[in-house]
Amino acid sequence: MMDIYTMPAQSRELIKLDEMKQGCWINLENPSDKELEEVARITGAGEDMLKAALDEEERARIETEDGNTLIIVDIPIIDDSADWYVYSTLPMGIITAGDYFITVCLRDTAVIGDFIKGRVRNFDANKRTRFIYQILYLNAIKFLHCLKQIDKTSMRVQQSLHRSMKNKELIQLLDLEKALVYFSTSLNSNQIVIDRLRSMATIKHYEDDDDILDDVIVENKQAIEMATIYRDIMSGTMDAFASVISNNQNIVMKFLAAITIILTIPTIVASLWGMNVGVPFEGQVWGFWVVVGIIIAITIPVLIIMIKKRMF
């Protein structure tokens with residue numbers, strides 16, 4: 001899908017266009033080959049540049065070719081198709097090609113969506129450097145938000161694990177730990193890209209925008225620290241709760257074994273008096289109660305011993 005926007009200097013509001021023109025913003029979401037060819041032909045951006053961000057395994061980087069600049073950063077995404085939210089990352093491309101500004105991603109993203117919906121203050125699509133910095137800043141904020149959600153989800157799952165012997169909660173924690181690994185790797189890659197932006201000659205730098213870039217660096221580093229801390233905590237939590245689940249199962253097995261021992265005593269005694277051979281008290285009416293008394297006399301001491309040894 002391809003959407004084209006422009007922002008008149010007077011209104012400062014995004015206007016959707018039907019065709020590309022000088023100074024427009026082109027947003028590509030999982031574009032077709034035909035759309036990529038059209039954008040490449042009109043803007044002069046290479047198709048390789050446009051397709052770079054469409055590779056899910058593409059690393060964050062900056063490259064320049066024929067005066068065009070490609071910036072690829074990783075963004076957080078949430079997949080709600082499973083029984084619970086699964087967090088991951090996806091590359092997003094930012095391309096400056098002459099007077100054209102292009103964003104490329106495989107799917108609809110909350111980062112770009114906030115600009116389109118007018119949720120970003122002081123947004124001006126005509127100020128390309130500020131636009132790039134604002135995208136990076138908002139991306140860092142989204143990472144921080146997802147990290148907080150991961151921490152809350154982790155606490156909720158841990159509460160369930162206190163009384164659970166199933167694998168569902170443990171698998172959820174494993175998914176969260178995997179998400180933290182993705183986040184940590186992506187944030188460190190993004191930090192390298194952000195640091196390189198300061199020295200890029202192909203991108204014009206303005207003093208008014210330096211504060212935004214400083215904020216980007218601060219927020220991204222904070223996200224890196226949070227991801228590292230949460231990942232270490234999650235790793236220890238996984239090991240601890242794996243032991244808890246194993247211990248819960250051992251307690252249940254010990255209880256069942258004790259019950260089995262108690263029930264075995266009446267079974268053995270009753271089996272002896274049930275054999276088709278002569279046994280004591282045979283033919284006596286009161287013989288049944290003597291056997292019951294023998295069973296009780298053996299079972300009660302065994303039960304007391306087990307209770308003292310905390311087998312229940």
For I194, state whether it is closer than 30 Å to G98 by Cβ and buried (at least 19 other Cβ atoms within 10 Å of the Cβ). yes
Just to be sure, is A227 closer than 25 Å to L174 by Cα, among the small types (G, A, S) and modelled with pLDDT of 80 or more? yes
Would you point out the residue of the stretch 83-118, among those that are touching a helix residue (DSSP H, G or I) at 6+ places or on another chain (Cβ under 8 Å) and surrounded by fewer than 17 Cβ atoms within 10 Å (Cβ to Cβ), that is nearest to R156 (Cα to Cα)? W84
Within the stretch 234-246, is there a residue that is assigned to a helix (DSSP H, G or I), more than 19 Å from V157 (Cα to Cα) and free of Cβ contacts under 8 Å to residues at least 40 places away in the same chain? no
Verdict on E219 being surrounded by 15 or more Cβ atoms within 10 Å (Cβ to Cβ), touching a residue at least 12 places away in the same chain (Cβ under 8 Å) and within 14 Å of the chain's Cα centre (by Cα): no
Exclusive hit being among the hydrophobic types (A, V, I, L, M, F, W, C) and free of Cβ contacts under 8 Å to residues at least 24 places away in the same chain, set L272, L213, L303: L272
Could you check how many residues of the stretch 1-24 are in contact (Cβ under 8 Å) with a residue 40 or more places away in the chain and more than 21 Å from A45 (Cα to Cα)? 5
For the stretch 253-275, indicate whether the set of residues that are outside any helix (DSSP H, G or I) and over 30 Å from F131 (Cβ atoms) is non-empty. yes
For A270, are the conditions met, namely being over 53 Å from the mean Cα position of the chain (by Cα), surrounded by 12 or more Cβ atoms within 10 Å (Cβ to Cβ) and over 25 Å from K152 (Cα atoms)? yes
So in the stretch 76-108, with the set limited to residues that are among the hydroxyl-bearing types (S, T, Y) and touching a residue at least 40 places away in the same chain (Cβ under 8 Å), which one is farthest from S11 (Cα to Cα)? Y85
Within the stretch 30-87, the residues that are in a loop (DSSP other than H, G, I, E, B) and farther than 30 Å from V181 by Cα are S32, G44, A45, G46, D66, G67
Let me spell it out: the conditions are (1) modelled with pLDDT of 90 or more; (2) surrounded by 13 or more Cβ atoms within 10 Å (Cβ to Cβ); (3) not hydroxyl-bearing (S, T, Y), and K34 meets all of them except one. Which number is the exception? (2)
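The values are calculated or read from the model by the stated rules, or taken from the named source; none is laboratory data. This one's a predicted model, so the numbers in the text were calculated from it and none came from an experiment. Please note: Cβ atoms are built from the backbone with ideal geometry, for glycine as well, and neighbour counts cover all protein chains shown.
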